[in-house]
Amino acid sequence: MCGIIGIVGTSEVAAALYDGLTVLQHRGQDAAGVATLDGDRLRLHKANGLVKDVFQSEHMARLRGRVGIAHCRYPTAGSEGVDEAQPFYVNSPFGIALGHNGNLVNTESLRRELFETDRRHINTGSDSEVLLNIFAHELQEIGSARACVDDVFRAVEAVHRRCQGGYAVVSLVLGLGVVAWRDVHGIRPLVLGKRESAEGTEWAVASESVALDVLGFRRERDVLPGEAVIITLAGELHARQCAAPAQHAPCIFEYVYLARPDSMMEDVSVYKARLRMGERLAQKIQRLRPDHDIEAVIPIPDTARTAALALAQMLDVKYREGFVKNRYVGRTFIMSGQSERVKSVRRKLNAIELEFRNKVVLLVDDSIVRGTTSRQIIQMAREAGARKVYFASAAPPVRYPNVYGIDMPAPVELVAHGRSEQEVETLLGCDWLIYQDLEDLIGAVAEGNEDLTNFDTSCFSGEYVTGMPEGYLGAIAAQRADSVKAELRDTVIP
């Protein structure tokens with residue numbers, strides 16, 4: 001999961017791109033970059049770190065131009081070094097910069113094709129650089145002397161034929177403008193916005209609508225699965241379906257955890273979807289234990305708050321804030337390395353003892369992945385004096401890795417993989433564990449848009465909508481193992 005944004009404006013866009021990245025920071029805390037078009041030159045600055053640390057006043061001053069793209073990175077397997085910061089750039093043809101959210105599942109075969117057939121060299125471990133070079137090669141093969149709309153659409157069609165996986169892309173093509181497209185299943189999100197200024201019409205594309213909101217753009221619609229949009233330097237919008245229709249299956253984990261609650265995705269309010277998750281979880285509790293003894297519902301901040309509030313209201317139980325969050329510690333889910341996650345939980349959260357003492361509490365989290373955080377939080381609740389600690393997950397058991405751009409670990413590191421819910425309950429150390437049913441999760445999201453009938457639920461169901469190349473899951477599991485990541489970090493030169 002990464003954050004991407006592109007703008008074609010009527011005035012300088014660097015500051016707007018920066019502001020857009022800051023509200024997409026939750027999608028990636030590892031690195032950030034901005035590329036702008038300054039006449040016939042491309043200006044680029046990127047580095048590891050948070051957006052506020054990567055860009056200083058001297059960098060912003062050099063990022064001139066009224067057209068640009070930006071990216072904040074969340075590292076997935078094989079893409080953690082300094083060189084992996086995006087946007088990437090190639091100078092042939094025309095000059096192209098590209099940022100990407102997602103993950104290709106046929107990267108290795110594409111690498112071989114690029115080297116052996118396309119005669120292009122890949123310099124990093126990032127599949128985003130692979131995707132950029134596929135796009136550049138296909139555009140170069142067309143052989144036009146200058147970039148034009150029809151040629152770019154043809155190149156995107158070729159990208160879809162060759163690339164397999166989940167991806168949302170924003171790119172700059174020198175001499176043309178911003179080009180953005182989405183994978184044929186619409187797994188990763190991409191929204192289009194419009195703003196009228198005194199000088200004319202401005203356009204933006206972004207991972208989430210919240211980035212458009214803060215910049216004053218009106219959300220027009222989602223970019224369709226398999227669709228490409230081109231926004232020319234003159235501010236003209238062109239859109240074309242560049243792939244044959246496929247099963248529309250947006251990632252349901254966006255609604256569970258990844259997206260901000262104030263975003264709209266596929267015409268569904270993330271906030272309302274999470275409210276409905278809480279309501280359906282409450283209904284399950286009422287079915288299983290109509291005479292439950294829960295005295296307080298306490299969310300694990302921040303993502304679970306919305307679901308926990310709705311759950312408490314439906315159960316007619318007090319909602320309480322029992323944990324205070326340190327805002328200066330990043331999201332533990334996207335931290336690389338188990339030891340770092342373990343250390344971060346108690347730095348991140350502190351229990352309010354009065355809300356636990358001698359009470360039966362129901363802790364609510366958005367999901368349970370490794371179980372490391374959940375286990376420590378349950379122990380903190382006991383140490384604060386809770387008489388009983390129940391634990392509810394707004395999502396079903398995570399039993400399989402997500403391969404479309406979310407760095408969920410190897411299956412053996414998932415606490416629910418190969419275990420029953422009772423076994424997970426014992427491992428976490430809670431008195432009762434309640435998971436959301438997958439059907440209820442799907443219903444909670446789909447209720448917001450009757451046209452949504454399918455989702456990517458692979459991390460819960462093990463069903464991968466794109467299919468999987470032979471041996472891919474085993475290879476990605478080896479890459480994502482914490483022990484392997486630790487070895488890689490030890491060999492990286494700062």
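Computed from the coordinates by the stated procedures, all read-outs in this text should not be read as laboratory data. On a predicted model such as this, the values are computed, not experimentally measured, just so you know. Every residue, glycine among them, receives a Cβ derived from its backbone with ideal geometry; neighbour counts consider all protein chains shown.
Taking the beta-carbon count within 10 Å as an exposure proxy, list Trp181, Trp432 from fewest neighbours to most.
Ranking Trp181, Trp432 by Cβ neighbours within 10 Å, fewest first, gives Trp432, Trp181.
Through the Karplus equation 6.51 cos²θ - 1.76 cosθ + 1.60, θ set to phi - 60°, convert the phi angles of segment 168-179 into ³J(HN,Hα) values in whole Hz; use x for Gly and Pro.
10, 10, 10, 9, 10, 10, 4, x, 10, x, 9, 10
Between (1) 77, 45, 40; (2) 57, 56, 47; (3) 74, 51, 45, which entry matches Cα extents along the principal axes in Å as derived from the coordinates of this structure?
Of the labelled values, this structure produces (3).
Could you give the size of the charge dipole of the chain about its Cα centre, using +1 on the Cβ of each K and R and -1 on the Cβ of each D and E, expressed in debye and rounded to the nearest 20?
On the way: 56 positive and 66 negative charges, 243 e Å.
Charge dipole of the chain: 1160 debye, to the nearest 20.
Excluding the sites themselves, what is the longest stretch of the chain that contains no GluC sites (Glu not before Pro) in a DSSP loop with at most 12 other C-beta atoms within 10 Å?
In the chain, the maximal stretch lacking such sites is 200-449.
Can you list the HN-Hα couplings for segment 213-222, worked out from phi with the Karplus curve (6.51, -1.76, 1.60; θ = phi - 60°), rounded to whole Hz and with x for Gly and Pro?
Once rounded to whole Hz, the list reads 4, 5, 9, x, 8, 8, 5, 8, 5, 7.
Using each residue's phi in segment 113-129, evaluate 6.51 cos²θ - 1.76 cosθ + 1.60 at θ = phi - 60° and report the 3J(HN,Hα) Karplus result to the nearest Hz, with x for Gly and Pro.
4, 4, 6, 7, 10, 7, 6, 10, 9, 9, 9, 10, x, 7, 6, 5, 5
Could you please rank Cys459, Cys242, placing first whichever residue has the fewest other Cβ atoms within 10 Å of its Cβ?
Details: Cys459 26, Cys242 22.
The order, fewest Cβ neighbours first, is Cys242, Cys459.
What is the sum of charges, Lys and Arg at +1 and Asp and Glu at -1, for the other residues whose Cβ falls under 13 Å from the Cβ of Leu44?
+4
Looking at the chain, which longest stretch skips every one of the trypsin sites (Lys or Arg not before Pro) that is in a DSSP loop with at most 13 other Cβ atoms within 10 Å, leaving the sites themselves out? Walk me through the numbers before you get to the answer.
Numbers: sites that count: Arg119, Arg146, Arg327, Arg357.
With trypsin sites (Lys or Arg not before Pro) excluded where exposed in loops, the chain gives 147-326 as its longest stretch.
At 20 °C and a viscosity of 1.002 mPa s, what translational diffusion coefficient does Stokes-Einstein give for segment 3-246, taking Rh as the Kirkwood radius over Cα pairs? Give it in µm²/s as a whole number.
So the translational diffusion coefficient is about 123 µm²/s.
I'd like to know which of Val210, Gln164, Ile142 lies farthest towards the positive end of the charge dipole of segment 3-246, counting +1 on Cβ of Lys and Arg and -1 on Cβ of Asp and Glu.
Val210
Using the structure shown, list the pairs from Lys46/Lys325; Lys46/Lys348; Lys46/Lys272; Lys272/Lys388; Lys318/Lys388 with a Cα-Cα distance above 26 Å, or answer none.
Pairs exceeding 26 Å: Lys46/Lys325; Lys46/Lys348; Lys46/Lys272; Lys272/Lys388.
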